[in-house]
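The values are calculated or read from the model by the stated rules, or taken from the named source; none is laboratory data. Predicted, not measured: the structure shown is a model, and the values here were computed from it. Please note: Cβ atoms are built from the backbone with ideal geometry, for glycine as well, and neighbour counts cover all protein chains shown.
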Amino acid sequence: MTTTHRTQVCIVGAGPSGLLLGQLLHKAGVEAIIVERQSPEYVLGRIRAGVLEQVTMDLLDEAGVGQRMHAEGLVHTGFDMLFKGQRHRIDLKGLTGGKQVMVYGQTEVTRDLMNARQAAGLPTVYEAEDVAIHNFDSAQPSVTYVKDGQTHTISCDFIAGCDGFHGVCRASVPKGAITEFEKVYPFGWLGVLSDTPPVHHELIYANSPRGFALCSQRSHTRSRYYLQVPLTDKVEQWSDDAFWAELRLRLDREAAASLVTGASIEKSIAPLRSFVTEPMRFGSLFLAGDAAHIVPPTGAKGLNLAATDVKYLASAFTEFYKERSRAGVDHYSDRCLRRVWRASRFSWWFTSLMHRFPGNGEIDQKLQEAELDYLIHSESGSRSVAENYVGLPLNFGE
Ligand code: RFL
Ligand code: PHB
């Protein structure tokens, strides 16, 4: 037997994109049901992004979930770039006329959104199996799933594909209707989370002859570190001791000496890729966040891009229901893609500048160092980095 439900927007995926969309739609009086393949605990167990742009902070406030972020998040007004054994600060605030970023983990953003959704009594189906989308080339699309052995159908006006890179939504689009642009980088990031005080009060992005390293954090007592590693490396090969020893070798003398080490509480390897889908809309199906694009994490743009897609999508659906206008819906893909390509460019450029590429020689290291030297000594060079890092305004270039 099939149970049928009806809603205005069916959101596939309860990651940050799906949950934020659900919250913004709720605020605007638009109905939505979220269908998620995993359990809430599994979703919260994924350790990912750490840096929020002003635009994302504003959206979390608009969604009514910014309170804990403002209380517990760490405002950063700059970060360090390390090369040739020396650290140089990029003064984000000074270079951008007062903008800054917030260090607040994706896990916490997700938890805040989940709690708000639950408190408002909004429907989320977790552990939905065999999620499938249907008839999205028509105005009567639907989503089906199996829960506790029973098949359910959700009929809706729109489907929001917020189901990440490996989701079902993008995969359901006929090959001839979609163009995918992809670059896979020949290395990954080995990440460690530990309950140790951060080595520095701001982030350190390190270009070292041994490869890239990043010193990040989640709080004054919890650190997040990354090392560039070959794609063939396995997490099990990296003991905590080996990780800390390698990290020290990639840092400057002062940071290496003051690094506090401890047991890892999470350790994983993430591949790096640049990926963009064009378009991001197919009839009644709208892709948002990692379902539509992936950026390498250098520059911390992934979650922030997801948030701005969602803002455009929430505005589009709200205009449709409240103003009877299709303008936002029709412009959604173009509007997102301009921003997506700009962030993809920055993330690709920053990745290329900071990593060791297999097959490259000493000359490439020297050229990277020369570019870094230029960037930190040229005000326009530094400003360009800062402007992209803090993120472009929501309506940039419109
Ligand atoms: P998510 O988080 O992947 O969530 C998608 C959800 O959809 C569910 N799903 C399905 N549900 C139903 N049916 C199906 N068939 C489904 N298939 C999948 C999944 O279970 C999941 O719950 O995508 P979303 O919401 O678009 O969010 C995107 C962000 O997660 C991502 O962009 C960031 O994490 C990227 N990222 C960073 N972004 C930043 O802005 N700043 C950072 O500092 C930053 N650091 C990072 C990162 C990503 C990393 N990794 C591991 C890729 C650091 C790392 C290491
Ligand atoms: C993180 O804290 O996970 C993080 C921070 C900055 C990045 C990427 C990841 O560029």
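Residues in segment 265-320 that are touching a Cys at 6+ places or on another chain (Cβ under 7 Å) and assigned to a strand (DSSP E or B) were compared, and the one that is nearest to GLY391 (Cα to Cα) is LEU287.
If you filter segment 292-344 down to residues that are in contact with an Asp or Glu (Cβ under 7 Å, 6 or more places away or on another chain) and under 13 Å from ASN395 (Cα atoms), you find that the one that is surrounded by the fewest Cβ atoms within 10 Å (Cβ to Cβ) is LEU337.
Determine, yes or no, whether ALA270 is in contact (Cβ under 8 Å) with a residue 12 or more places away in the chain, of a type in the set (A, V, I, L, M, F, W, C) and within 30 Å of PRO141 (Cα to Cα). Spelling it out, it is not the case that ALA270 is in contact (Cβ under 8 Å) with a residue 12 or more places away in the chain, of a type in the set (A, V, I, L, M, F, W, C) and within 30 Å of PRO141 (Cα to Cα). Residues that are of a type in the set (Phe, Trp, Tyr) and farther than 27 Å from GLU53 by Cα number at least 1 in the following strands (runs of 3 or more DSSP E) confined to segment 85-147: 142-147.
Residue-by-condition table, conditions (1) modelled with pLDDT under 95; (2) under 27 Å from ALA316 (Cβ atoms); (3) more than 16 Å from ligand 2 (Cβ to nearest atom):
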| site | (1), (2), (3) |
| --- | --- |
| THR3 | yes, no, yes |
| SER17 | no, yes, yes |
| LEU20 | no, yes, yes |
| LEU24 | no, yes, yes |
| PRO40 | no, no, yes |
| LEU59 | no, yes, yes |
| VAL65 | no, yes, yes |
| MET69 | no, yes, no |
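Pairs are defined by a Cβ separation below 6 Å, a sequence spacing of at least 6 or placement on different chains, a first member in segment 304-319 that is more than 25 Å from GLN100 (Cβ to Cβ), and a second member that is polar (S, T, N, Q) and away from ligand 1 (no atom under 14 Å from the Cβ); the pairs so defined are GLU319/SER325. Flag: GLY359 matches the condition of being assigned to a loop (DSSP other than H, G, I, E, B) and either away from ligand 2 (no atom under 16 Å from the Cβ) or over 15 Å from the mean Cα position of the chain (by Cα) (or both). As a summary of the residue check, PHE181 satisfies the conditions (1) of a type in the set (Phe, Trp, Tyr); (2) in contact with a helix residue (DSSP H, G or I) (Cβ under 8 Å, 6 or more places away or on another chain); (3) away from ligand 1 (no atom under 16 Å from the Cβ) except for the one numbered (2).
Filtering segment 16-58 to residues that are part of a loop (DSSP other than H, G, I, E, B) and either polar (S, T, N, Q) or in contact with a Ser or Thr (Cβ under 7 Å, 6 or more places away or on another chain) (or both) leaves ALA28, VAL30, GLU31, GLU36, GLN38, SER39, ILE47, GLY50. Answer with yes or no whether SER274 is of a type in the set (S, T, N, Q) and over 27 Å from THR232 (Cα atoms). Here the answer is no, as SER274 does not meet what is asked. Of the residues making up segment 143-172, those that are within 14 Å of ligand 1 (Cβ to nearest atom) and either among the small types (Gly, Ala, Ser) or within 21 Å of GLY289 (Cα to Cα) (or both) number 15. Can we say LEU392 is over 15 Å from the mean Cα position of the chain (by Cα) and part of a loop (DSSP other than H, G, I, E, B)? Considered against the rule, which asks whether it is over 15 Å from the mean Cα position of the chain (by Cα) and part of a loop (DSSP other than H, G, I, E, B), LEU392 comes out as yes.
In segment 197-238, the qualifying residues are those that are of a type in the set (Ser, Thr, Tyr) and touching a Cys at 6+ places or on another chain (Cβ under 9 Å), and the one that is farthest from ligand 1 (Cβ to nearest atom) is SER223. Does VAL229 count as more than 21 Å from the chain's Cα centre (by Cα), closer than 29 Å to PRO358 by Cα and within 16 Å of ligand 2 (Cβ to nearest atom)? It is false that VAL229 is more than 21 Å from the chain's Cα centre (by Cα), closer than 29 Å to PRO358 by Cα and within 16 Å of ligand 2 (Cβ to nearest atom).
Do the conditions hold for ARG89, that is, is it at pLDDT 95 or above and within 27 Å of GLY164 (Cβ to Cβ)? No. So, ALA28, is that one surrounded by fewer than 22 Cβ atoms within 10 Å (Cβ to Cβ), in contact with a helix residue (DSSP H, G or I) (Cβ under 8 Å, 6 or more places away or on another chain) and at pLDDT 95 or above or not? It is true that ALA28 is surrounded by fewer than 22 Cβ atoms within 10 Å (Cβ to Cβ), in contact with a helix residue (DSSP H, G or I) (Cβ under 8 Å, 6 or more places away or on another chain) and at pLDDT 95 or above. One residue is enough: does segment 122-138 have a residue meeting the conditions closer than 30 Å to ARG253 by Cβ and surrounded by 18 or more Cβ atoms within 10 Å (Cβ to Cβ)? Within segment 122-138, not a single residue is closer than 30 Å to ARG253 by Cβ and surrounded by 18 or more Cβ atoms within 10 Å (Cβ to Cβ).
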